[in-house]
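J.: Pasting a structure here, questions to come.
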Amino acid sequence: MDSMTVERLKEKAIQLRETAVTMVYKAQSGHPGGSLSAADFVTALYFKEMNVNPEDPNWAERDRFVLSKGHVAPIQYAALAHKGFVPLEMINTLREYGSPFQGHPDSKKCPGVDISTGSLGQGLSCAVGMALGGKLDEKAYRVFAVVGDGECQEGQIWEAAQSAVKYELDNLVVFIDDNGLQIDGTTEEVMPNHDLEKKFQAFGFETKRIDGHSMEEIVDTLDEVREAKNGKPKCIVCNTVKGKGVSYMENVVGWHGKAPNEEQYKLAMEELAGGLHA
Amino acid sequence: MTVLDLKATEQIATREAFGDEIVELGRNNKNILVVDADIGSSCKTTKFMNEFPKQHINVGIAEQNAAGLAAGLATTGKIPFVSTYAVFGSLRMAEQIRQEICYPNLNVKIACSHGGLTPANDGGSHQAIEDMGVLRTIPNMTVIMGADYYSTRKLVKQASEMHGAVYLRFTRDKVPVIYDENETFEIGKAKQLRNGKDVALIANGDTVHLALQAAEILESKGVSAQLLDMHTIKPIDKEAVLECIEIGNIVTVEDHNIINGLGSAVSEIVAEQGKGKVRRIGVQDRFGESAPYDKLLEINGITVENIVNTAEEML
C-alpha cells in the first residue's frame with residue numbers, strides 16, 4: 001500500500017485540485033465546487049487508505065470506492081490519473097467522445113470506477129451491496145462511499161443506511177461531504193438536513209464529525225475506523241467548504257456546475273499553488 | 001411439439017414456477033441470491049429463504065435499495081434475483097434499474113410476480129400493465145414472460161445462465177399448464193405452437209392459452225392459424241415475426257397495455273418491412289380495477305372470442 005505522510009498527502013490534495021480544475025477548464029463544463037470540497041478525503045483514500053492496484057483495477061480483493069455524488073467525477077478522475085489507473089494525459093479528454101472520463105463515472109469505460117453513478121441517492125445502495133458481497137464471501141476488503149449532503153435529501157440514502165446496519169457492514173465507510181450547498185441554494189434554504197451525523201447515528205452507524213479539510217483529522221479518523229470491527233457501518237461527516245482552495249469559488253452556489261474562464265483559471269492555479277488557507 | 005389438452009391440464013400460477021426453480025438454482029450455485037423486499041411469501045421465495053438463509057437478503061419495503069444493493073452484489077460476482085411485484089419491480093425501481101443495473105451492464109435479474117391483470121382482486125394499483133414496455137426501452141435489458149409453469153421454470157433457469165439484466169414477469173393468478181415438462185425454450189426465440197397460412201397469432205404470458213384455444217376454433221372454421229409464444233419481447237425473435245409477415249395477417253395478444261408491449265414490438269418490425277397487417281389485443285390503455293381475472297380480460301377484449309373475431313375480420 002502506498003502510504004504517504006500527512007504533509008505529502010496535503011501536497012497531493014493540492015495536485016488533485018489542480019488537475020480537477022484543469023479538467024473542468026479544458027472541458028469548459030463540469031462540477032468544480034463539490035470536487036474541491038471532497039478533495040482532501042478523496043486524496044487520503046486513494047493515496048493512503050485504500051488497497052487498490054492500478055495494474056489490476058478489477059482485482060477481487062481490492063477496496064471499493066463508490067462516488068455516490070457522481071457529478072464530482074473530476075476529483076475521482078484526478079485521483080485515478082495520478083494513481084496510474086489511466087494515463088495522466090487523458091485528463092485533457094474530460095467529457096469528450098470516447099473518453100474514459102465521462103461526464104459522470106462510467107464503470108464500463110473507466111478503469112478504477114467500481115460502479116457507474118450520477119443519479120443522486122443511488123450509490124450508497126450499491127456500496128452496501130458490495131460490502132455485503134464481501135461479507136458473504138468472507139473477504140477482507142472494505143467499501144468507501146462518498147455521499148453529498150444535498151444527496152441525503154433522497155429517500156433511498158436512508159433505505160441503504162438501514163440495510164447497512166441490518167447486515168452489520170463494518171466493512172463500509174461512508175464519507176458525507178457536508179458542504180452545505182446545492183444547486184438551488186444552501187441546503188438550509190432548499191431542504192434542511194439538520195444534523196446528518198445524528199441521523200446516521202440514529203440509524204445505527206458509528207459516526208464522527210470532522211473537519212473535512214484537515215488532513216490530520218482525516219488520517220487519524222481513518223486509523224480509528226480501520227480498527228473498529230464491531231459490526232457497525234461507519235459514517236464520517238465532513239465539514240467542508242464547497243470550492244475549497246479557490247477563493248472566488250468558496251461557498252458560492254454558482255460554482256456547483258460551471259467552468260472557469262481563462263482568467264479565472266489562471267487565478268485558480270495561482271491560488272492553489274499557494275496551498276490551502278485555514 | 002406437444003401441447004397439452006387444456007381441459008385436462010392443471011392450473012398453476014407462474015410465480016410458483018419461479019419459487020420452485022430458484023430453489024434448484026440456489027442449490028447448484030451458491031452465488032445465486034434472492035433479494036426480497038418484504039413480500040417473499042407472496043412472491044414464493046420462502047422455500048429458498050428457508051433452505052438457503054445465507055443466500056437470502058431481505059431489505060424490507062424498500063425496492064429502490066433492493067435494486068441498487070443487487071447491483072453492488074453483482075459487481076462482486078453474485079447473481080442476485082430481486083423479487084417483488086411487477087408494479088414495483090418495473091416502476092418503483094425503474095431508474096435504479098436503468099442507472100445501476102443496465103447502464104453498467106450488471107448481472108442482476110428482476111423477478112416479478114403479479115404481472116398484468118393477474119392480481120385481479122387487488123385492483124388497479126397492483127396490476128402492472130406498463131412494466132414490460134417501460135423496461136423494454138432500457139438498453140441492455142432482456143424482457144421475458146413465460147406462458148405456463150414449465151416454460152417459466154426453463155426461462156428462469158436460462159436467465160440465470162446468461163450475463164446481464166433480465167426482467168422476468170410471472171402471474172399471481174393460476175394459468176393452465178400448456179407445455180410438457182420436457183419441452184425446451186430459448187430466450188429470444190419464439191416457440192411455435194402451430195403452423196398456419198391464413199393468419200398468425202402472436203401471444204405471450206397468460207394469454208398464450210387463449211390464443212391456443214382461438215387457433216383451434218379457427219381451424220374448425222377452416223382458417224389456418226400460425227401460433228407463436230413470444231415469451232421474450234426483448235430481444236424479440238425477428239425471424240419468427242418475418243415469417244408471420246409472409247402470412248400477412250397478424251393478431252397480437254398480451255396481458256399488458258397495447259402501448260409498448262408485445263403488440264408494439266411486433267408492429268415495429270411490421271412497419272419497417274412495409275408489409276403485413278397487425279391488430280393488437282391487450283389492455284386498452286386503461287387502468288385495471290378489482291374484479292375477477294376473467295372479467296378484467298373480458299373488459300379489455302382479451303378473450304378467445306375476440307381473438308377469433310379479430311382474426312376473421314382480417315381475412
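J.: Quick one: which of B:106, B:168 is in contact (Cβ under 8 Å) with a residue 40 or more places away in the chain and within 14 Å of another protein chain (Cβ to nearest Cβ)?
T.: Step by step, each of B:106, B:168 is checked, and only B:106 is in contact (Cβ under 8 Å) with a residue 40 or more places away in the chain and within 14 Å of another protein chain (Cβ to nearest Cβ).
Yes/no per residue for (1) within 14 Å of chain B (Cβ to nearest Cβ); (2) in contact with a Cys (Cβ under 9 Å, 6 or more places away or on another chain):
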site	(1), (2)
A:95	no, no
A:101	no, yes
A:109	yes, no
A:112	yes, no
A:123	yes, no
A:163	yes, no
A:168	yes, no
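J.: Count, please, the residues in region B:93-117 that happen to be within 19 Å of the chain's Cα centre (by Cα) and surrounded by 24 or more Cβ atoms within 10 Å (Cβ to Cβ).
T.: Final tally of qualifying residues: 12.
J.: Quick one: which residue in A:109, A:139 is among the basic types (Lys, Arg) and either touching a residue at least 40 places away in the same chain (Cβ under 8 Å) or open to solvent by less than 30 Å² (accessible area, probe 1.4 Å) (or both)?
T.: Among A:109, A:139, only A:139 is among the basic types (Lys, Arg) and either touching a residue at least 40 places away in the same chain (Cβ under 8 Å) or open to solvent by less than 30 Å² (accessible area, probe 1.4 Å) (or both).
J.: How many of the residues making up region A:78-95 are in contact with a Gly (Cβ under 9 Å, 6 or more places away or on another chain) and either more than 23 Å from residue A:216 (Cα to Cα) or open to solvent by 30 Å² or more (accessible area, probe 1.4 Å) (or both)?
T.: Count: 5.
J.: Further, regarding this structure: Take the residues in region B:67-89 that are open to solvent by 10 Å² or more (accessible area, probe 1.4 Å) and part of a helix (DSSP H, G or I), then tell me which one is farthest from the other protein chains (Cβ to nearest Cβ).
T.: Checked region B:67-89; the qualifying residue farthest from the other protein chains (Cβ to nearest Cβ) is B:87.
J.: Tally the residues that are within 11 Å of chain A (Cβ to nearest Cβ) and open to solvent by 10 Å² or more (accessible area, probe 1.4 Å), restricting the search to region B:31-55.
T.: Qualifying residue count for the region: 3.
J.: Out of all the residues in region A:224-252, which are over 19 Å from residue A:210 (Cα atoms), touching an Asp or Glu at 6+ places or on another chain (Cβ under 8 Å) and either assigned to a loop (DSSP other than H, G, I, E, B) or open to solvent by less than 20 Å² (accessible area, probe 1.4 Å) (or both)?
T.: A:229, A:230, A:231, A:246
J.: Give region B:236-288 a look and list any residue that's aliphatic (A, V, I, L, M), under 18 Å from the mean Cα position of the chain (by Cα) and more than 18 Å from residue B:225 (Cα to Cα), or say none.
T.: B:236, B:258, B:259, B:262, B:265, B:283
J.: Condition check: within 13 Å of chain A (Cβ to nearest Cβ) and surrounded by fewer than 23 Cβ atoms within 10 Å (Cβ to Cβ). Does residue B:58 satisfy that?
T.: Considered against the rule, which asks whether it is within 13 Å of chain A (Cβ to nearest Cβ) and surrounded by fewer than 23 Cβ atoms within 10 Å (Cβ to Cβ), residue B:58 comes out as yes.
J.: Has region B:82-97 got any residue that is in contact (Cβ under 8 Å) with a residue 12 or more places away in the chain and over 20 Å from residue B:130 (Cα atoms)?
T.: No, the conditions are met nowhere in region B:82-97.
J.: Quick one: would you say residue A:86 is modelled with pLDDT of 95 or more and within 14 Å of chain B (Cβ to nearest Cβ)?
T.: So residue A:86 does not fit the description; no.
J.: So the check is Cβ under 6 Å with 6+ separation or different chains; which pairs have a first residue in region A:69-82 that's over 17 Å from residue A:127 (Cβ atoms) and of a type outside the set (A, V, I, L, M, F, W, C) and a second one that's open to solvent by less than 10 Å² (accessible area, probe 1.4 Å) and in a helix (DSSP H, G or I)?
T.: Filtered contacts from region A:69-82: A:74/A:20; A:74/A:23; A:74/A:24; A:74/A:35.
J.: Hey, does region A:194-202 have a residue that's within 14 Å of chain B (Cβ to nearest Cβ) and either touching a residue at least 24 places away in the same chain (Cβ under 8 Å) or touching a helix residue (DSSP H, G or I) at 6+ places or on another chain (Cβ under 9 Å) (or both)?
T.: no
J.: Then there's this: Only one residue in B:46, B:76 is β-branched (Val, Ile, Thr) and free of Cβ contacts under 8 Å to residues at least 12 places away in the same chain, so which one is that?
T.: B:76
J.: Looking at region A:120-136 only, could you name the residues that are farther than 21 Å from residue A:227 by Cα and open to solvent by less than 40 Å² (accessible area, probe 1.4 Å)?
T.: If the condition is that a residue be farther than 21 Å from residue A:227 by Cα and open to solvent by less than 40 Å² (accessible area, probe 1.4 Å), then A:121, A:122, A:123, A:124, A:125, A:126, A:129 are the ones that fit.
J.: Hey, could you check region A:15-70 for residues that are open to solvent by 10 Å² or more (accessible area, probe 1.4 Å) and small (Gly, Ala, Ser) and say which is nearest to residue A:88 (Cα to Cα)?
T.: My answer is A:27.
J.: Determine if region A:146-158 includes at least one residue that is more than 14 Å from chain B (Cβ to nearest Cβ), more than 28 Å from residue B:77 (Cα to Cα) and β-branched (Val, Ile, Thr).
T.: No, region A:146-158 has no match at all.
J.: Out of (1) more than 14 Å from chain A (Cβ to nearest Cβ); (2) free of Cβ contacts under 8 Å to residues at least 60 places away in the same chain, the odd one out for residue B:142 is which?
T.: Looking at each condition in turn, residue B:142 falls short on (2).
J.: Let me ask something additional. Assess whether residue A:148 counts as being out of contact with any helix residue (DSSP H, G or I) (no Cβ under 6 Å at 6 or more places or on another chain), crowded, with 24+ Cβ neighbours inside 10 Å and either more than 17 Å from residue B:71 (Cβ to Cβ) or not acidic (Asp, Glu) (or both).
T.: Here the answer is yes, as residue A:148 does meet what is asked.
Let's see how each residue does on (1) of a type in the set (A, V, I, L, M); (2) modelled with pLDDT of 95 or more:
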| residue | (1), (2) |
| --- | --- |
| B:110 | yes, yes |
| B:116 | no, yes |
| B:136 | no, yes |
| B:140 | no, yes |
| B:149 | no, yes |
| B:173 | no, no |
| B:187 | yes, yes |
| B:198 | no, yes |
| B:212 | yes, yes |
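J.: When only residues in region B:256-293 that are touching a residue at least 24 places away in the same chain (Cβ under 8 Å) and in a helix (DSSP H, G or I) count, which is surrounded by the most Cβ atoms within 10 Å (Cβ to Cβ)?
T.: B:262
The values are calculated or read from the model by the stated rules, or taken from the named source; none is laboratory data. Note that the coordinates shown come from a computational prediction; the quantities given were computed from them, not determined experimentally. Cβ sites come from the backbone with ideal geometry, for glycine too, and all protein chains shown count toward neighbours. We work out accessible area using only protein heavy atoms, side chains counted, and drop any ligands, DNA or RNA first. Shrake-Rupley method; radii C 1.70, N 1.55, O 1.52, S 1.80 Å.
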